[in-house]
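For reference, the structure discussed in these notes is given below.
The values are calculated or read from the model by the stated rules, or taken from the named source; none is laboratory data. This one's a predicted model, so the numbers in the text were calculated from it and none came from an experiment. A quick note on method: Cβ atoms are made from the backbone with ideal geometry, for glycine too, and the neighbour counts reach across all protein chains shown. The accessibility values were calculated without ligands, DNA or RNA, using every heavy atom of the protein model including side chains. Shrake-Rupley method; radii C 1.70, N 1.55, O 1.52, S 1.80 Å.
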Amino acid sequence: GWGAASAMAALLIIPLINSVHKAKYMTASDSRENARSWINENIEEQSKIAIEGYTAYIDRKKFQLKSFDRIVDRRLEWYVDNGYQYAVFSERMFQRYFREPQKYPDRVRRYTRMFNTLELIKSFDDQESRIRIYRIPRQLL
């Protein structure tokens, strides 16, 4: 009857839908890869770059790179004083704090200050993540 036919159709359609979603995800541009390519093509070699977790893989031979769990664990002035020129942030890292600002008020405040103070030069979005690249000024106003 119709019940058996409907069940059989569901058994065939669900894997097909999952395969379509997986193929779409696999062929979609990846924000981390796009950020890596853009950095390699647009940022001067040996620039000093701060990156945090879940960002792009950046060539450590081409750039002066320092990884931080969270860039906001150090004050903005520290990056300026230590000659950093760029900061690369991942929404996968910072968004967790903005989802619970009452639990992480200090981190939200620090991220907000950095985002409002630094110059956003490029942002890459995909279904999984957003990568933001900021220019750090030589001095703060």
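Measure out, as a whole number of angstrom, how far apart the alpha-carbon centroids of segment 46-67 and segment 102-141 sit. Centre-to-centre (Cα) distance: 16 Å.
Counting only protein heavy atoms and a 1.4 Å probe, tell me what percentage of segment 96-141's accessible area is made up of carbon and sulfur.
Details: 1440 of 3210 Å².
Roughly 45 percent, rounded to a whole number.
With every protein chain left in place, what is the accessible area per residue of segment 83-141 in square angstrom, probe 1.4 Å? Heavy-atom SASA per residue in segment 83-141 reads 61 Å².
Most tightly packed first, judged by the mean number of other beta-carbon atoms within 10 Å of their residues, the peptides 97-106, 48-57 read 48-57, 97-106.
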